[in-house]
Amino acid sequence: MAPIGPNRVVIAFGSNIGDRRANIESALALITERCGQILQVSSYLETRPEGFESEHLFLNGCLLLKTALNPFELLEQLKGIEKELGRLKTKDAYEDRSIDLDIIFYESLVLHDDRLQIPHPRYQERDFVLKPLMELDLSFTD
């Protein structure tokens, strides 16, 4: 799957353990280095965990990225960044994490694959995605 040109992608991010702000800032720097140009970043929103119990609150937000990577290349880069920044998946359920990076939209693409679903299947149920998303200019013009 080769990219056609610069693609605009919305990525949701969150962190609830360690230095949350530093985790996010490190992820943003690595996304810029490996994935493309970050056009906008929402403000950060502090939220309670959803889908699991934890005493650690999340910092969440969204960003708008311009990338030449196709969706699967982007997913691979984001998973590598999560791992590099200390994300450990110890079970198949939700759990505390140093960083979480999810592709919400990739242009107007609709994709249903075992590895990746676009748009993200539960973004409309999550205020921690919807609120930051409303801050971004999604008109998809420079």
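FYI, it's all coordinate maths here, none of it is from the lab. This one's a predicted model, so the numbers in the text were calculated from it and none came from an experiment. Positions of Cβ are backbone-derived with ideal geometry, glycine not excepted, and every protein chain shown enters the neighbour counts.
Descriptive notes on the structure:
- Non-local lysine pairs in the chain, meaning eight or more places apart or on different chains, with alpha-carbon distances under 24 Å, amount to 7.
- Against the chain, whose longest principal axis comes from its Cα atoms, helix 71-84 is set at around 30 degrees.
- Shown here for segment 9-82: chymotrypsin sites (Phe, Trp or Tyr not before Pro) in loop regions (DSSP other than H, G, I, E, B) with at most 15 other Cβ atoms within 10 Å, namely F52.
- Protection proxy ranking of 22-28, 78-84, 111-117 - average other beta-carbon atoms within 10 Å, highest first: 22-28, 78-84, 111-117
- Taking the longest Cα principal axis of the chain as reference, the axis of helix 20-34 is set at about 20 degrees.
- Here the 3J(HN,Hα) profile of segment 124-136, calculated from phi with Karplus coefficients 6.51, -1.76 and 1.60 at θ = phi - 60°, is 5, 8, 10, 4, 5, 9, 5, 5, x, 4, 5, 7, 8 Hz, Gly and Pro shown as x.
- In this Cβ point-charge picture (+1 for Lys and Arg, -1 for Asp and Glu), the chain has a dipole of about 140 debye about its Cα centre.
- Distance from segment 1-75 to segment 96-116 (C-alpha centre basis), Å: 10
- Global geometry of segment 7-133, whether rounded, prolate or oblate, following the gyration tensor of its Cα atoms and the 1.5 cut on a/c: rounded
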